[in-house]
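Report on the structure given below.
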Amino acid sequence: MSPSKDRVFSGARPTGRQHLGNYLGAIQNYVALQDQFACIYCIVDLHALTTMETTAELRDNTREMTLDWLAAGIRPKETIVFVQSHVTEVTELHTMLSMVTSLGKLTDLPTFKEKVRLQPHNINYGLVGYPVLMTADIVLYKAKYVPVGIDQAPHIEFAREVVRSFNHRYGTQVLIEPEMKSTEVPKVLGTDGTRKMSKSLDNQIELASTPEETLKRVMTMVTDPQRVRREDPGNPDVCNVFSMHKIFSSTEEVEMVNTECRRAGIGCVDCKQLFAKNLNAHLEPFRERRRELESKPDHVWDVLRDGAQRARKIAAQTMQEVRDALGLP
Ligand code: SF4
């Protein structure tokens, strides 16, 4: 990791095999940011505990997700890739930051209210403190930027406020206010064509699926609902398959689908098969790299262990400065 580059931090929950939504919404950007910044990418398993009913799949999900990240082009020799719970300083900083964070503010946050709505049977303390832990994640590594979509801007603003409160309370400048690195995140809909692609909705297309599985999944995609019969003209503007063509198909193919769909010159079956073919071609190098990585069973854990060691060095330094600033005996 180059000390001269600005630092970027981002965390993602261990959700296992990644899908197109993860790829287009985050991973692609993670890969690109490495060229310009010193990046730290964290698998936030402690955050995941706030909503998990069981931890049985936590280890497997961490491994699968890391495999996808590496196969997609995250370079662990320069970028720090690690698991949140492997650097325990984050929980210490979380406790310290919680002392300068108003409880009312936390329970007023729309994200907390949404979680309460989604899991009324499990409103745990971790859910309330989640944004404080998230702030600790970022500031522990003195990250200048956090890559987020515009919808997550309030989270970064919250983190900045916590940092200001901390620095003000203890008369220090030891913690850095992170800035948002705003990214254009396309809204990737799932195979149902209406909701965001998500594993929990079972509407995902996974990057690591075989070409056959991918084709099968693509064939289930919902298209223009008004196009009932093959001879009906369709409207690509309301069709998720067309949105995907725009990302994975050539300009000529996109134009062809746009024209032919409107005059029923192409059927949805052929259109989906074309998309699946292009998607599979796009993903082939990724799958090849993933197979290579999978053939070395310890590799993922070696990468995560090395990442944790490097992250811990930064964390230890920050915590020493924080403890000094607090005047802890
Ligand atoms: Fe969608 Fe293609 Fe069918 Fe048109 S032809 S409705 S773009 S799947």
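Coordinate-derived values only; no laboratory data. Quick caveat: nothing in here was measured; it's all calculated off a predicted structure. No Cβ is skipped: glycine too gets one built from the backbone with ideal geometry, and neighbour counts run over all protein chains shown.
Report the extension gain between K5 and T95 in nm, rounded to one decimal, defined as 0.36 nm multiplied by the number of residues separating them, less their alpha carbon distance. Intermediate values should be presented prior to the final figure.
Details: separation 90, 0.36 × 90 = 32.40 nm, distance 2.95 nm.
That works out to 29.5 nm of additional length.
How high is the FRET efficiency between T251 and Q309 when r is their beta carbon distance and R₀ equals 35 Å, given to the nearest 0.05? Calculated transfer efficiency: 0.15. Here the relative contact order of the chain, from alpha carbon pairs under 8 Å that lie six or more residues apart, stands at 22 percent. If you take the beta carbon distance between T259 and E292 as r and set R0 to 45 Å, what does 1/(1 + (r/R0)^6) give as a FRET efficiency, to the nearest 0.05? According to the calculation, E is roughly 0.65. How many percent of all Cα-Cα pairs in segment 15-109 sit more than 24 Å apart? Here the long-distance tail beyond 24 Å is 35 percent of all Cα pairs in segment 15-109. At q = 0.13, 0.18, 0.19 Å⁻¹, what base-10 log of I(q)/I(0) does the Debye formula yield for segment 173-329 when every alpha carbon is treated as an equal point scatterer in vacuo? Treating every Cα as an identical point scatterer, log10 I(q)/I(0) equals -0.77, -1.10, -1.17.
Rounded to the nearest 20 debye, what is the charge dipole size of segment 211-291 about its Cα centre when +1 sits on each Lys and Arg Cβ and -1 on each Asp and Glu Cβ?
In total the dipole reaches around 340 debye.
Which order do C268, C261 fall in if you start with the one that has the fewest other Cβ atoms within 10 Å? Each step should come with its number before you reach the end.
Values: C268 19, C261 25.
If I rank by nearby Cβ atoms, fewest first, I get C268, C261.
Applying the Kirkwood pairwise sum to the alpha-carbon positions of segment 211-291 produces a hydrodynamic radius of 13.0 angstrom.
Computed extension length for S182-R230: 13.1 nm, one decimal, from 0.36 nm per residue of separation with the Cα-Cα distance subtracted. Dividing the mean sequence gap of close Cα pairs (under 8 Å, 6+ apart) by how many residues segment 211-291 holds gives a relative contact order of 35 percent. Across the chain, Cα-Cα pairs farther apart than 33 Å form 34% of the total. Length available on full extension from T107 to N124: 0.36 nm per residue minus the Cα-Cα distance, which gives 4.9 nm. Using Cβ point charges alone (K and R +1, D and E -1), the dipole size of the chain about the Cα centre works out to roughly 340 debye.
List S209, S250 from most exposed to least, where exposure is judged by having the fewest other Cβ atoms within 10 Å.
S250, S209
Placing R0 at 22 angstrom, the Cβ-Cβ distance between Q317 and E78 gives a FRET efficiency of 0.65 after rounding to 0.05. Dividing the Cα radius of gyration of segment 267-324 by 2.2 N^0.38 Å, with N the residue count, gives 2.08. Here's the list of aspartates and glutamates a cross-link from K115 could span, going by alpha-carbon distance under 19 Å and ignoring same-chain residues fewer than 8 apart: D45, E53, D151. Secondary structure note: in the chain, about 10% of the DSSP beta bridges are antiparallel.
Shown for T194, T79, T50, T135: other C-beta atoms within 10 Å of each C-beta, ranked fewest to most, produce the order T194, T50, T79, T135. Taking the charge dipole of segment 211-291 about its Cα centre, with +1 at Lys and Arg Cβ atoms and -1 at Asp and Glu Cβ atoms, the residue from N240, H282, G265 reaching farthest to the positive side is H282.
Are there any helices in the chain, counted as whole DSSP H runs, that stretch 20 Å or more along their axis by Cα and score at least -1.0 on average by Kyte-Doolittle, and if so which? Don't jump to the answer; show the numbers that get you there.
Details: long enough: 58-72 (21 Å, -0.56); 125-140 (21 Å, 1.44); 153-170 (26 Å, -0.67); 268-294 (36 Å, -0.93); 299-326 (40 Å, -0.57).
Membrane-span-like by this rule: 58-72, 125-140, 153-170, 268-294, 299-326.
Straight-line reach from K113: which lysines have Cα under 16 Å away, leaving out those fewer than 8 places along the same chain? Leaving aside lysines fewer than 8 places away in the same chain, those within reach of K113 are K105. In the chain, helical runs assigned H by DSSP with n ≥ 4 each contribute -39500 (n - 2.57); averaged across all residues and rounded to the nearest 500, the mean residue ellipticity at 222 nm is -16500 deg cm²/dmol.
Of all the stretches in the chain, which is the longest one without any exposed loop site, taking trypsin sites (Lys or Arg not before Pro) in a DSSP loop (any state but H, G, I, E, B) with at most 10 other Cβ atoms within 10 Å? Don't skip to the end; give the middle numbers.
On the way: sites that count: K77, R229, R263.
The longest such stretch corresponds to 78-228.
Along the axis of the charge dipole computed for segment 1-111 (Cβ charges of +1 for Lys and Arg, -1 for Asp and Glu, origin at the Cα centre), the listed residues S98, V31, T88 are led at the positive end by V31.
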